[in-house]
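Data first, discussion second: the structure below is written as structure tokens.
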Amino acid sequence: MKEITETTENIERFILVGVERGNDNMEASLAELHELLKTAGGESAGTVIQNLESFNKATYIGTGKVEELKEMLADTGADGIITDDELSPAQMKNLEDALGCKVLDRTMLILDIFAKHAVTGEGKIQVEMAQLKYRSSRLQGFGTSLSRLGGRIGTRGPGESKLESDRRTIRNRISQLSKEINDVRAARDTARKKRLANAVPVIAIVGYTNAGKSTLLNRLTDADILAEDKLFATLDPTTRGMQLPDGEQVLFTDTVGFIHKLPHNLIEAFRSTLEEAKYADILVHVVDSSNIEAEEHIKVVYRTLDELHVEGKPVVTLFNKSDVPGASSRIIKDTRADVSFKVSAATGEGIEDFLNEIARILRESKVLIDTVFPYTEAGNVARIRKEGQLIAEEYVAEGVHVKAYIPKSLAGQLGITASGKARCCNKRTSRS
Ligand SMILES: Nc1nc2c(ncn2[C@@H]2O[C@H](COP(=O)(O)OP(=O)(O)OP(=O)(O)O)[C@@H](O)[C@H]2O)c(=O)[nH]1
Ligand SMILES: [Mg+2]
């Protein structure tokens, strides 16, 4: 009996608070906040929505609503409140003082989930950095409640590390983490360069959190990644190789999911991880077509990609979860996709057509060259052998006559035009 009571007491309960301004869809946003809270291990004790033209500078919601919230806290016995928007330090302090309970905002909740889900050293460093940056700007805002309730929702650090609350310690830790993040970035750059040098095409799987990105990668490559009905189940990018139906070898990378109101500090801290998409040859955009907010999710994904300056890449959109009743009959549009497919990563439906399309796009991104390289340029011929698909190679008086499909990027680097003619024709003889 005692055990049950303790378990129930251990689950923190919060009242979800949102401000509806103009045409925000606050109910959907609060439903998502609820999902975030569940993922963090908490429960909802009710919701409060207020219509306002703009946020109250001092208390986020209006003073009347604060009083109402106070009564609701007493009635429900909730542990605290969570606001749907990031609070300023002053708003947080004023709300804490007025309500006498734990006050969290959407950003803290997302940071908390990231802290719980970061697995690799890289992920942990990035989360801790984002958390410390958030905290350093609002140390006074965290009145007594956070130190008192250390270790629970909103205060957890990645792994076992304790989140520091002293300003000087935070500053030192941030500068140490900055160095570690630079090392991580350098390692990621090296790995990327190696992949580019190998010229194996990279396909980045992007999308809203919980869309089914990891499930897709598992289906394609037996990657055995955690795929769960939770938000931000996977934070660390996983790259796996596979062979397309036409025999071409490619790499698929699963990336961290995006969300509405993704905290800016997280985008900054996770930049090197998120930028995996920037260096990909193709973006595969996974959309949960069974979610009624799918179109809003699509907008958030493109807004985030724009913020990361990921542009000019072919986008293949997968309207996923087509097996869910009702999902496949809904008409959802992704106007920025070059092509889209209805698929189910769970059952495999539509996956073959999707892979054939990837193979087609990759073939089209190559050019056929038919060129003679002087013997002094043997290095270039070696690169073509390695990075392209060689059709014929012949040693002639002027040099090596090569016929091959090569990536457009390599053709550009070698100064060869699509028709196979070298830009500098006095150096090479074209035989196209
Ligand atoms: N019915 C159905 N469920 C799916 C499908 N694809 C994924 N799911 C489920 O959707 C949930 C989320 O899947 P994940 O693969 O973890 O999603 P994700 O995009 O990697 O999510 P994050 O890592 O949290 O950003 C899991 O419970 C999956 O089992 C599908 O095609 N059909
Ligand atoms: Mg995932």
State whether the residues of the range 93-103 include one that is β-branched (Val, Ile, Thr), outside the structural domain of Thr234 (by TED's automatic domain parsing) and modelled with pLDDT under 95. yes
Which ones in the range 343-382 are within 16 Å of ligand 1 (Cβ to nearest atom) and out of contact with any Leu (no Cβ under 8 Å at 6 or more places or on another chain)? Ser344, Ala346, Thr347, Gly348, Glu349, Glu352, Asp353
So for the range 299-307 (the condition being outside any helix (DSSP H, G or I), in contact with a helix residue (DSSP H, G or I) (Cβ under 8 Å, 6 or more places away or on another chain) and either modelled with pLDDT of 85 or more or within 13 Å of ligand 1 (Cβ to nearest atom) (or both)), does at least one residue qualify? no
State which residue pairs qualify: first residue touching a residue at least 24 places away in the same chain (Cβ under 8 Å) and inside the range 59-83, second residue surrounded by 14 or more Cβ atoms within 10 Å (Cβ to Cβ) and charged (D, E, K, R) in any location, beta carbons under 6 Å apart, and separation of 6 or more residues or different chains. Ala78/Arg13; Asp79/Glu12; Asp79/Arg13; Asp79/Lys102; Gly80/Lys102; Thr83/Asp105
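Within the range 100-119, take every residue that is small (Gly, Ala, Ser) and touching a Lys or Arg at 6+ places or on another chain (Cβ under 6 Å) and give me the one that is farthest from Glu12 (Cα to Cα). Working first, answer last.
Filtering the range 100-119 down to residues small (Gly, Ala, Ser) leaves 100, 115, 118.
With the extra rule that they be touching a Lys or Arg at 6+ places or on another chain (Cβ under 6 Å), the set shrinks to 115, 118.
Details: Ala115: 17, Ala118: 22 Å.
Step by step, filter the range 100-119, then rank; the result is Ala118.
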Name the residue that is surrounded by the most Cβ atoms within 10 Å (Cβ to Cβ), counting only residues in the range 173-213 that are in contact with a Gly (Cβ under 9 Å, 6 or more places away or on another chain), closer than 30 Å to Ala327 by Cβ and not hydrophobic (A, V, I, L, M, F, W, C). Lys213
Being under 18 Å from Ser175 (Cβ atoms) and either among the polar types (S, T, N, Q) or in contact with a Pro (Cβ under 6 Å, 6 or more places away or on another chain) (or both) is the filter here; which residues of the range 101-136 pass it? Lys124, Gln126, Val127, Glu128, Gln131, Ser136
The range 96-107: number of residues that are touching a Gly at 6+ places or on another chain (Cβ under 6 Å) and assigned to a loop (DSSP other than H, G, I, E, B): 1
Within the range 359-397, count every residue that is surrounded by 13 or more Cβ atoms within 10 Å (Cβ to Cβ), assigned to a helix (DSSP H, G or I) and of a type in the set (Asp, Glu). 2
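Rundown of residues vs (1) in contact (Cβ under 8 Å) with a residue 40 or more places away in the chain; (2) among the hydrophobic types (A, V, I, L, M, F, W, C); (3) assigned by TED's automatic domain parsing to the domain that holds Ser289, yes/no style:
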residue: Asn320; (1), (2), (3): yes, no, yes
residue: Pro325; (1), (2), (3): no, no, yes
residue: Ser329; (1), (2), (3): no, no, yes
residue: Val339; (1), (2), (3): no, yes, yes
residue: Ala345; (1), (2), (3): yes, yes, yes
residue: Ala378; (1), (2), (3): no, yes, no
residue: Tyr395; (1), (2), (3): no, no, no
residue: Lys403; (1), (2), (3): no, no, no
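Condition check ((1) more than 21 Å from Val310 (Cβ to Cβ); (2) charged (D, E, K, R); (3) at pLDDT below 85) across all residues:
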position: Ala197; (1), (2), (3): yes, no, yes
position: Ile203; (1), (2), (3): no, no, no
position: Gly207; (1), (2), (3): no, no, no
position: Leu217; (1), (2), (3): no, no, no
position: Asp224; (1), (2), (3): yes, yes, yes
position: Ala227; (1), (2), (3): yes, no, yes
position: Ala233; (1), (2), (3): yes, no, yes
position: Pro237; (1), (2), (3): no, no, yes
So Val310 clears everything in (1) surrounded by fewer than 18 Cβ atoms within 10 Å (Cβ to Cβ); (2) of a type in the set (A, V, I, L, M); (3) in contact with a helix residue (DSSP H, G or I) (Cβ under 8 Å, 6 or more places away or on another chain) except one condition, right? Which one? (1)
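The values are calculated or read from the model by the stated rules, or taken from the named source; none is laboratory data. From a predicted model like this one, the values you see are computed outputs, not experimental measurements. Ideal geometry is used to build each Cβ from the backbone, glycine not excepted, and the neighbour counts take in all protein chains shown.
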